[in-house]
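The values are calculated or read from the model by the stated rules, or taken from the named source; none is laboratory data. Computed from a predicted structure; not experimentally measured. Backbone-built Cβ (ideal geometry, glycine too); neighbour counts: all protein chains shown.
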Amino acid sequence: MIETLIKIFLFGAVVGGIWGLVASGFSLIFGVSRILNFAHGAAFVSSAFLAYALVNEGYSLYFAVLAGLMLAAVIGVVVYALTKPVREREVMVIIVTLAFALLVQQILLILFGDRGVSVEPFVKGVAEIGGVKVTHMRLLSFVLAIICLTALEVFITKTNLGKKVMATSQDSRAAMMVGIDIEKMFLLVMVLSSLLAGFAGILYAQIFAVNSEVSLRALIYAFAIVILGGLGSLRGSIAASFIVGYILVITITLLGARWSEFVMLLTIVAILVVKPTGLFGVEE
Amino acid sequence: MRHAKAVLTLLILVAAITALCAQPEKAEREKVIIGVIGPMAVPEGQAEEKAVKLAVEEINAQGGILGYKVEVVVGDTKLDSNTATSEFRRLATVENADVIIGGFSSGVMTAMMETMAETKTLFLADASSPSHAQKVEQNYEKYKYWFRVSQNNGSTFALDLADMVKFLRDSGYEVKKVYVIRDEHVWTDPVIEALKPLLEEMGVKIVKDVKIPRGYSEYEQLILEAENLNADLIMPILAISGTGDILVKQWATLKPNLLLAGHDLSAIDAEFYEKTNGMANYEIFIADGGALVTAPPTEKCREFVEAYKAKYGHYPESHQAYGAYDAVYLYKMVVEMAAENGEKDPFDPDVLVKYLERFNASNPVQLTRTIAFYDNHDLMWGDEYVRNWISQWQDGKQYIIYPPSVANGELKLPPWIQK
């Protein structure tokens with residue numbers, strides 16, 4: 001029994017941490033620029049694919065990871081440039097970002113085929129905690145995810161630049177009137193969010209594996225988590241990521257793998273029926 | 001004068017029509033058209049198209065079929081039954097394909113078989129559902145144009161998996177408990193139903209049968225559970241999930257005291273070892289389609305994989321390539337046999353069906369694999385024909401480890417196994 005609880009705690013935390021990185025960026029973009037970025041999953045998988053390719057070419061893992069993150073940042077800039085002219089039209093934003101995501105998916109399909117690829121882990125080996133085997137990479141991923149999410153929280157709430165981001169998020173017109181360059185804020189948030197997604201993708205490819213289809217999966221998870229947490233609420237997204245992680249792991253442990261996503265989505269629907277704005281959302 | 005001109009015109013017309021009607025059949029034919037159909041956005045369809053084009057290029061270089069140049073026309077099923085039947089009809093009636101090769105995916109194949117029957121087109125096919133061959137059994141005249149060339153009937157997976165367990169036991173690795181992880185998909189149900197009694201006969205128990213959805217990734221929990229249940233091996237039956245690579249990676253990372261041995265479609269990919277950073281080492285799998293790049297069962301197979309690499313820069317991306325390549329040569333052979341026997345039209349599908357049926361248990365044909373057909377036109381299963389060879393990844397190479405008649409390697413247990 002204790003072993004089962006430890007297993008649920010450890011595995012749920014890792015899954016929650018990785019999805020937290022993806023969902024927090026997705027939420028940040030929506031909060032600041034009111035954009036539903038359907039290309040968010042493209043940054044998630046592209047960084048991992050590039051890191052994989054570079055490691056295979058003989059480059060060091062850390063250089064490959066850095067290059068993967070750079071690519072994710074570039075994707076953020078491209079999405080910013082693509083959405084800038086149509087930002088006021090929500091449907092167009094969805095169409096443009098979705099089209100870009102599908103384009104990236106097709107490029108990856110052509111370059112790497114439809115089979116999954118793995119990135120070499122930062123650390124190897126297995127630890128035993130309370131009788132439960134867990135890989136060092138899983139533990140490190142959780143720690144790295146927590147560091148990134150804490151740094152994001154500190155950046156948003158404590159730094160001058162972060163406060164400008166928050167101000168833009170709360171009221172972009174008012175922020176503009178007090179002299180904040182909101183275009184710079186939009187660009188910053190887009191790049192930052194893509195970096196978080198890119199890093200999550202690399203961690204994911206180190207523990208699991210990525211294929212071009214995973215971009216859509218990452219998007220669906222991010223979307224579901226952000227809606228559960230409350231659209232635009234950063235803390236809500238992070239909390240919801242862990243809730244989703246634990247629902248998945250508990251379901252696999254108690255009901256079976258086949259029910260994991262079904263139960264997760266059912267729970268999200270049930271919560272939204274009771275609280276339509278999500279757990280931490282506020283009515284506008 | 002006007003009457004004379006009209007009569008002359010009429011005579012010329014009559015003469016022209018008579019001359020056209022009098023043309024022998026052979027003179028009408030200018031070429032042989034081979035259709036290839038499959039999902040062209042995925043490796044299975046792409047491999048079929050490339051393999052057919054390679055075979056046709058070789059055949060044309062040797063003078064074609066009965067002296068006719070061979071041309072290839074391509075149809076894309078997009079893995080959708082409606083699109084597939086439209087494309088099949090286009091190839092058969094607009095492009096006038098003499099034979100259609102390929103298919104892939106059982107549901108799509110079932111739909112295409114109706115168009116095949118309607119257009120009476122010879123179909124040298126892919127896909128593994130037992131229901132396709134049953135159609136030939138139940139309504140021979142309608143469905144006789146269908147022959148399964150690429151891979152065995154899916155029900156034979158159970159025989160291969162049971163043989164795998166038997167082989168492991170005979171090799172000194174005791175198997176008493178098996179933990180099954182399989183696709184949440186209709187194709188795995190008949191496999192597990194057929195496998196259970198075979199394992200029971202050997203005194204082997206399935207300690208848990210876990211179904212997983214497409215894209216599933218949390219295998220570590222399942223591996224730990226299998227170890228806690230004292231399973232001797234995890235048996236994947238995975239094709240649709242698309243995440244066999246994650247399973248093998250997590251198995252190799254956790255190093256549990258049990259083997260990973262079963263049907264994992266992703267393990268057949270020649271680049272699987274590289275894509276998993278070598279984690280695929282020691283995985284035991286069955287070589288669906290009866291051929292492996294590093295263990296070609298025939299000389300023609302060896303030549304084919306090298307020719308494929310020379311032409312396309314990489315080895316076949318899917319086992320469908322072997323079947324598609326064989327199908328072109330099979331077609332050439334039966335047309336030539338029909339011509340030699342003085343058949344009036346050696347390209348007539350009704351005639352060719354009879355010649356294809358001659359390749360039976362006692363008269364197989366050796367191409368990239370050794371091909372023979374059952375009475376219901378299913379591909380013959382067995383050590384001497386085509387079967388899903390029991391294979392293993394060892395230090396970056398795939399080896400067939402059973403049966404001994406084709407094996408080019410021996411079983412190697414992972415160093416962390418203590419039994």
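For the condition away from chain A (no Cβ under 14 Å), outside any loop (DSSP other than H, G, I, E, B) and not charged (D, E, K, R), what is the one hit in B:Gly63, B:Gly75, B:Gly45?
B:Gly75
Restricting the search to region A:103-118, which residues are more than 8 Å from every other protein chain (Cβ to nearest Cβ) and touching a strand residue (DSSP E or B) at 6+ places or on another chain (Cβ under 8 Å)?
Residues satisfying the conditions do not exist here.
Mind listing whichever residues of region A:249-284 are among the charged types (D, E, K, R) and either part of a helix (DSSP H, G or I) or touching a Lys or Arg at 6+ places or on another chain (Cβ under 8 Å) (or both)?
Of everything in region A:249-284, those that are among the charged types (D, E, K, R) and either part of a helix (DSSP H, G or I) or touching a Lys or Arg at 6+ places or on another chain (Cβ under 8 Å) (or both) turn out to be A:Arg258, A:Glu261.
Return yes when B:Lys211 is of a type outside the set (A, V, I, L, M, F, W, C), within 18 Å of B:Ala280 (Cα to Cα) and within 14 Å of chain A (Cβ to nearest Cβ) and no when it is not.
In short, no.
Looking at (1) closer than 30 Å to A:Glu128 by Cβ; (2) surrounded by 24 or more Cβ atoms within 10 Å (Cβ to Cβ), find the lone condition where A:Phe26 falls short.
(1)
For B:His185, which of the numbered conditions (1) more than 10 Å from every other protein chain (Cβ to nearest Cβ); (2) modelled with pLDDT under 95; (3) assigned to a helix (DSSP H, G or I) fails to hold?
In the conditions (1) more than 10 Å from every other protein chain (Cβ to nearest Cβ); (2) modelled with pLDDT under 95; (3) assigned to a helix (DSSP H, G or I), B:His185 misses (3) alone.
List the number of the failed condition for B:Val191; all other conditions in (1) within 14 Å of another protein chain (Cβ to nearest Cβ); (2) within 27 Å of the chain's Cα centre (by Cα); (3) β-branched (Val, Ile, Thr) hold.
(1)
For region B:237-260, does any single residue satisfy the condition of being surrounded by 24 or more Cβ atoms within 10 Å (Cβ to Cβ), away from chain A (no Cβ under 14 Å) and within 30 Å of A:Leu50 (Cα to Cα)?
Yes: one or more hits.
Exactly one condition in (1) under 24 Å from A:Ile156 (Cα atoms); (2) over 20 Å from the mean Cα position of the chain (by Cα) is false for A:Arg115; which is it?
Going through (1) under 24 Å from A:Ile156 (Cα atoms); (2) over 20 Å from the mean Cα position of the chain (by Cα) one by one, A:Arg115 breaks only (1).
Of all residues being assigned to a loop (DSSP other than H, G, I, E, B) and in contact (Cβ under 8 Å) with a residue 24 or more places away in the chain in region A:118-140, which is surrounded by the most Cβ atoms within 10 Å (Cβ to Cβ)? Just the residue, please.
A:Val119
In the set A:Ile220, A:Ile207, which member is within 14 Å of chain B (Cβ to nearest Cβ) and in contact with a Ser or Thr (Cβ under 9 Å, 6 or more places away or on another chain)?
A:Ile207
From the list A:Gly131, A:Gly116, exactly one residue is over 19 Å from A:Ser47 (Cβ atoms), modelled with pLDDT under 90 and not aromatic (Phe, Trp, Tyr). Which is it?
Going through A:Gly131, A:Gly116 in turn, just one is over 19 Å from A:Ser47 (Cβ atoms), modelled with pLDDT under 90 and not aromatic (Phe, Trp, Tyr): A:Gly131.
Answer yes or no as to whether A:Val244 is farther than 18 Å from B:Arg214 by Cα and in a helix (DSSP H, G or I).
Answer is yes for this residue.
Determine whether region B:77-91 contains at least one residue that is closer than 25 Å to B:Asn341 by Cβ and modelled with pLDDT of 95 or more.
No, that holds for no residue.
Is it the case that A:Leu272 is farther than 28 Å from A:Ala99 by Cα and in contact (Cβ under 8 Å) with a residue 40 or more places away in the chain?
Taking the combined requirement at face value, the residue satisfies it.
From the list B:Ala267, B:Ala310, exactly one residue is farther than 25 Å from B:Leu356 by Cα and crowded, with 24+ Cβ neighbours inside 10 Å. Which is it?
Going through B:Ala267, B:Ala310 in turn, the sole match is B:Ala267.
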